[in-house]
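Read-outs: derived from the displayed coordinates by stated rules, not from any lab. This one's a predicted model, so the numbers in the text were calculated from it and none came from an experiment. Cβ: placed from backbone, ideal geometry, glycine included. Neighbour counts: every protein chain shown.
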Amino acid sequence: MLAWTIYISFAGALVAALLPSNKPVVVRWFALGVSILGLAHAVGGFVAGMGQGRNVIVDVAWVPSMGIHYLLAADGISRVLVLLTGIASVAGVLFSWNIDLRTNQFFAFYLALIGGVYGVFLSGDLFLLFVFYEIAIIPKYFLIAIWGSTRREYGAMKLALYSFVGSAMVLIGLLAAYVAAGSHSTGLVDLAHAGLPASFQMWCFPLVFVGFAILAGMWPFHTWAPTGHVAAPTAASMLLAGVVMKLGAYGCLRVGIGLFPHGLDPWGFTLLGIGSWRDVFAWLAVIGIVYGALVALAQSDFKFVIGYSSVSHMGFVLLGLMTLNQIGVDGAVLQMFSHGIIAGLLFAIVGRIVYDRTHTRQLDELEKMHLSRRLPFAAWAFVVAGIASMGLPGFSGFVAELQVLVGAWRANPWWAAASGIGIIVGVAYTWRALQKAFFSDALPTAHELESEQAHPFAPICWSEMAGVALLVACTLVVGVYPRILLDSIEPAVKALLAGGVQ
Amino acid sequence: MNDFAAGLPLLTLLTVLPLIGAAIAFFSGRHARGVALLITLASLALALFIWSRVPSDGGIGLVELHRHWVPSLGIEYHLGVDGLGALMLVLSAIVTLMSVDAAHRVHHMPGLFFGLVLILESGLFGSFTALNFFHWFLFWELSLIPAFFLIKLWGGPRRGPAATQFFIYTMAGSVALLLSFLAIFLCTHSMDFGELTAMATSGALTQAVTAHLGPVMIWLAIGVLAGFAVKVPMMPFHTWLPAAYAEAPSPVTMLLTGAMSKMGVYGLLRIALPIFGVQIAQMRVPLLVLAVATVVMGAWAAAAQKDLKRVLAYSSVNHLGYCLLGIFALAIPASGAAAQASQAAALNGAILQMFNHGITAAALFWFIAMIQFRSGGLRGIDDFGGLRKPAPIFAGLMGIALFSSLGLPGLNGFVGEFLTFRGVFPLAWVAATISVLGLLVTAAVILTVIQKVFTGPVPEHWASFPDLHSSEWMSLAPVIGLMFLLGLVPQLIVGTINPTVQSLLAHWRF
Amino acid sequence: MNYAALFHATLPETALEIAALLVLVVDLGFLRKATLQARIAVAALIGIAGCSAALWAVSIAGPYSAGNDLLLSAGGSAGVAQVAILILTALTLLLFIDTGFTRNPGEYVSVVLMAVAGGLLISAAQDLLVIFTGLELLSLDLYILTAFNKQSGKSAEAAIKYYLFGGMSAAFLLFGFSYLYGISGSTSLHSVILGTYRALGTGTGPLLYLSLVMIAVGLAFKVAAVPFHLWAPDTYEGAPAPAAAFIASVSKVASFALLISIGTASWHFFDSSPGTVYVAVVAHLPGTPASRPYLDFRSGWMLILVVLSVASMVFGNLAALAQSSVRRLLAYSAIAHAGYILLGLAFFSYSNTSAKAILYYIITYGLTTVGAFGVVGVVERAAGSDRMDAFLGLNKRSPLLAAVLLILFLSLAGIPPLVGFWAKFNLFAAVLRVGSGRMPITLVALAIAFSAVSLYYYLQVLKRAYVMPATDETPIRVHPVTLTLLVVIAAAVVAMGCFPSLLQDWIASFYAAM
């Protein structure tokens, strides 16, 4: 069932490319249908897989002479992330309802990207994972370059090149691991059990980890993220921050930690308190958390605030992965889901609901627009999204961040302390953006009132409301009853940490 | 009747009801107030029903326990009330009802206003019934957001900075609370208040914390106290209060003073004293100093104010100081029967004071709202005079409320203060003596208010000051009646909370 | 001399020569009065027929030995290369239809066919003189093809440069061959290499090394490896589109097939008794400790190839970044791709893993390049130049063409699931399986890194096709044959990328039959 998510998306992409470009309505509804179908399969697969371990979905010999199989498999982590992709894809389509330029190509690239993402999460073969990982790069480029806004060509190229460099690093690691394991197979389980020597893992792990972490937005390789997110059209930035960055984190977990666990062993010497790759990447993650938060606090462009907040939240994910204990990694996976939803919501509000109407993202200008009166839906949606982003209890971020903090504490209390600072700064920048953009204190002058009435904002249309409702519902449900996901995540993480990919 | 209600999750129902009401109210536009009135009346009925079902032995009843919410973090769905909790539920319901009743002139986005009020009510109910830290913290934070927006969007001219200050102070306190409890969780793997109390009583808690983290128990206690100190508020963390109370619209101020401040005191009673009793006993002297300061400085500051709302705001600080006094005074290690009796008195007094002050302060701010409306926005103490003549009923009812606040015997304000002093004098006579100053100054303040506003010659422009409408004094009559009732027959409350007090004191270890 | 056997072995080349003559006769004799379009079409068709005949001939041709020396091999890499060359030639002839750069289509096609004959010879050659003959046959024809556009100054300039360079490098090649003959006493490849080993002890090391360098000059020129690449950008830019496509694909396939032969030969004599001959040779060296590896044919050749490979990868990719002409961009990218393949040749495997990977790479690369030049040719004819700006708004002007361009360029960049990715993966996997230690993985890392760089310049062209607004929005009309060809090539690129074992199994079948 889960495999159909991939096929439906790619088939949909192909059909969408062939639809006429002068009938955007047809294309939109088609894309919505395809993404809802994909979500249905994702939900179905998730529910069917609850309580089960790793299921192999498809296993076909692809290039038998090299031992490469078209192998799709799903464990709890994959099912959760596939679910996230389904939700994000439907929301993205809803928030792209107003795209009029070359709509057919937009949704073709969009669905191709979604298909690639589904593929990565479901791959059980490292080569196949890599293929899907790379497939996702080109649609991103075009989505941003053609339909984006600020400095879109630069942002798109930067994003594409950073992603490609990251995947090049992964390719080197993939080739090296394949050959070192005897050139028999590229299956994830096979490679994990191949007994790769510790010295090999010691250099292969950081290579592969950094390669994936570039896409996950780890400091200092994160610079593509704010530029790219700001340049991208709303649906693309929702997907980028919400789902694509999780591809990187998933790769770090599944491939980096899953295949090269000895790469995290202590080196035997310590330099300034750092004694293993685990320490290095944990500290980089912590720096990312704090740095992302501090920079977000200083931004004057609304979308940049959200972009840097994504870097900060992804830092939590990476920190959780580096704790290497059950609760920390659980928290990391849950944070992947949670942040995916919340980031999608934030970008949707900033991009689609606010920017498409006000045509500015500068906080100083928005301050004068009295948006709490003129766009109350956006204001209150952002309140909910902001609260969720801050990590207040009742929303999905709280349990995730708490688990990461507890896990970090158990691993190294300093990590927890430093990331605690990040959370506090997170409250600050979210609140600042909320205050400035929506709830400024100034009352409108007569002149402003006149111009407001002369140029009223377009009303909120049903697609925006549906999208917001979907995302808010998801973060609330997971926040109030996190076990709906944790029950799937915990056994999968346990198996992964216990030894290899299961 | 008993059997019918035995299986219902009453506490969950009570907490969820205002949330549903809020969802309806958001879309009800002009009818939002009607929806809110209905819901708050229903909540009051339910709260009274819960009050009647509290176990008579003082233990925790109406328990709802579902263990596996988030097992890895020790988060369980654990609700329950004893006398103290149930009393707070009733108080919240009454105060919210009063607040909604008073808010009949909200023209700007009424749906949103009443929705937020109902969410706040839900937050109150949730935090008074929670027995697991996560659930409690969830609703503690949940009440913060609507309060912030209620101040920010419907408040007075300087509402922006007031709301900001309110938010930041309370957030900072919450962070301190969260960190302390995280530390406790890391050492004990439990977030359950009952379990932690038992561990604290047996000494296991300190052992566990010291083993995992070192001698930081005292710091954790300070963190927790800081969180509550901001909410109550206790000097010197009170600086957010006057601005917030003054700038908030009066119905919101009623909620703030009537119910939200009690969250802080309740927290001290449910969380701080049971779990950190030993540490509080170690810090008893500085804490008493702060409590006394709260009492005295609150009163002095009230005396210096010219804005009626600020007078009452500082007066609230003063009144809550008595609660703090009682709470910190009883934190003495093992004691004889006399001391125990005093402890019981102090605790009873503090709890009673919570309830009574809630009702009285809410009523007073309601009266201020009415004055403000009738005067076209004026509420300075010197703006009025001789209102007794044109508005005798108004003056009469407000006078009763003011006297209750002063602590006149026969009215409800007296009982709480009396019991508190009765308990504190034997336990901490220095603190009690100095606090009497607070009583005296408060008396002076209130009498001044009465004199300046109601007595004396009537200025020209107030000659036609409208008196209370029938609808208004019908809404107020039950409240005033309650003040008399509880002043004359405090047993109505004490009867149920005394067993709880005894039970609590039995479990606390200092 | 067994002329019957020789004739049997060279059946494909004969078929091509006959077709070449036939084309001339038909065009100059019978079609004097026909329109240019018709003449071109007929010439192309005859050329394709000739290729088909040669294809059939390849399947029945056998190897040819004179005495003990193998002169021409069949099957294995020779067979694969020959079939690929013939198919690619047919495709470039199809591209020739719808062009208008020459009024002498008969001559064009016959020159092409003669060049193909040379290419076939090179692919199968196992003797130094046969190699040289075939190389010259191919090269001379290529010089002519480059100059075929008499209306373009660039075409003539490019041809002159190509010719001068080519002549010089042919001289180097021959000189190197002569030293090899001197050292080993034979011109048959296997005997040559064996002879160089036997002669190691007699102080011929420096001479061997010198000859290897000179041979490398000659062969590196053919594959456009740095620093012998200077002809490539001008030739790719100046030659008419079908000719450029031919040069970029067929001559590369032939040249790399030759390099594979050399590589295979240098390993070949090991397979009978692994290690013993080598050890025996080393033990005989006077005054040298046995552990010190003497600079022999294999290690010297390997070192040269590594240097050429790294230089090509680095320089090719970096130079391509700065190009504004799409043809020159393709030229530099060709240099880069040559660099990757040279890496595969440097770490050549004893089994035929490397050979198969290299063949896979060069065949798919050739196919993609033919398609790329097809698109470039169409755009050039419509927009008048091959600058980047000529591609502006291609998506609007001809969506199908833009889609083909997208697929082909992404394949060149190495994006899955297109065949270019698989070719690279396969090649690098082969390199790593053969070489052990830090050197191969470092070089592969370098190759992959620079391959990542290449995405930038491919995207520049695609950006103009898809993203940037068009300056001229008139639709481009593409000849149906060309369009069909391009779509088929694009579809093949996608299909072979999704199902790599198709081509792999086909290549393996040649080796299995050997």
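Structure data summary
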| read-out | value |
| --- | --- |
| R0 of 41 Å, Cβ-Cβ distance C:ALA495-A:ALA48: FRET efficiency to nearest 0.05 | 0.80 |
| Whole-Hz ³J(HN,Hα) from phi, Karplus 6.51 cos²θ - 1.76 cosθ + 1.60, for the stretch B:316-326, glycine and proline x | 4, 4, 4, 5, 5, x, 4, 4, 4, 4, x |
| Burial ordering of C:ASP389, B:ASP382, fewest other beta-carbon atoms within 10 Å first | B:ASP382, C:ASP389 |
| Additional length obtainable on full extension of the chain from B:THR455 to B:ALA198, 0.36 nm per residue less Cα span | 86.9 nm |
| Pairwise FRET efficiency - C:TYR3 versus A:THR150, Cβ, R0 = 60 Å, nearest 0.05 | 0.20 |
| Residue order, fewest to most beta carbons within 10 Å, for C:LYS33, C:LYS424 | C:LYS33, C:LYS424 |
| MRE, 222 nm, helices only [DSSP H, n ≥ 4, -39500 (n - 2.57), over chain A, to nearest 500] | -23000 deg cm²/dmol |
| Under 5 Å, built H, 5+ apart or other chain: amide partners of A:ASP125 | A:LEU71, A:LEU188 |
| Where labels lie 7 Å past Cα in the beta-carbon direction, separation of B:LEU485 and C:LEU129 in nm | 12.6 |
| Compactness of the stretch C:292-431 as Cα Rg over 2.2 N^0.38 Å, two decimals | 1.21 |
| Debye intensity ratio in log₁₀ form over the Cα atoms of the stretch C:3-513, taken at each q of 0.09 Å⁻¹ | -0.60 |
| Residue order, fewest to most surrounding Cβ atoms within 10 angstrom, among A:CYS461, C:CYS498 | A:CYS461, C:CYS498 |
| Pairwise label distance in nanometres, A:ASP100 with B:LEU13, each label 7 Å out on the Cα-Cβ vector | 5.5 |
| Cα shape, the stretch B:396-492, gyration tensor, a/c 1.5 rule | oblate |
| Mean separation of Cα contacts under 8 Å (6+ apart) over length of chain B, as relative contact order % | 16 |
| Average beta carbon contacts from partner chains per residue of C:451-460, 10 Å cutoff | 4 |
| Cα-based helix-to-principal-axis angle, A:376-390 vs chain A, degrees rounded to 10 | 30 |
| Average other protein chain Cβ within 10 Å of Cβ, residues A:60-73 | 3 |
| Distance between modelled label sites at B:LEU447 and C:ALA49, nm, 7 Å Cα→Cβ extension | 12.9 |
| Mean Kyte hydropathy of 1.6 or more with a Cα span along the axis of at least 15 Å, helices from DSSP in chain C | C:11-25, C:36-60, C:76-96, C:128-146, C:205-223, C:297-321, C:399-413, C:480-498 |
| Kirkwood hydrodynamic radius of the protein assembly as shown, from inverse mean 1/r over distinct Cα pairs, in Å | 37.1 |
| Loop sites in the stretch B:302-341: chymotrypsin sites (Phe, Trp or Tyr not before Pro), DSSP, at most 16 other Cβ within 10 Å | none |
| Spherically averaged projected area in nm², based on the convex hull that wraps the Cα atoms of the stretch B:140-244 | 7.2 |
| Mean separation of Cα contacts under 8 Å (6+ apart) over length of the stretch B:244-375, as relative contact order % | 35 |
| Compactness index (Cα Rg / 2.2 N^0.38 Å), chain A | 0.93 |
| Note, ³J(HN,Hα) from phi for the stretch B:52-67, Karplus 6.51, -1.76, 1.60, rounded to Hz, x at Gly and Pro | 6, 9, 5, x, 7, 8, x, x, 8, x, 6, 6, 10, 10, 10, 6 |
| Counted charge near A:ALA168, where neighbours are those whose Cβ lies closer than 12 Å (Asp, Glu -1; Lys, Arg +1) | 0 |
| Pairwise FRET efficiency - C:THR442 versus A:ILE274, Cβ, R0 = 30 Å, nearest 0.05 | 0.70 |
| HN-Hα J in Hz across the stretch B:217-231 - Karplus 6.51, -1.76, 1.60, θ = phi - 60°, x for Gly and Pro | 4, 5, 5, 5, 4, 5, x, 5, 4, 4, x, 6, 4, 5, 6 |
| Loop chymotrypsin sites (Phe, Trp or Tyr not before Pro), the stretch A:60-143, which have at most 12 other Cβ atoms in a 10 Å radius of their Cβ (DSSP) | none |
| The stretch A:1-88 - Rg (one decimal) and Dmax (whole number), Cα, Å | 15.6, 47 |
| Where Rh is the Kirkwood radius over Cα pairs, Rg/Rh for the stretch B:132-175 | 1.06 |
| Sorted largest first, extent of the stretch A:1-160 alpha carbons per principal axis (Å) | 44, 32, 26 |
| Fully extended contour minus Cα-Cα distance, from A:ARG373 to A:THR445, at 0.36 nm per residue | 24.5 nm |
| Distance histogram in 5 Å bins (all Cα pairs of the stretch B:289-510, percent per bin) | 1, 7, 15, 18, 17, 14, 10, 7, 5, 3, 2, 1, 0 |
| Paramagnetic reach from B:THR210 in the stretch B:273-288 [backbone N under 14 Å; point 7 Å along Cα→Cβ] | B:278-279 |
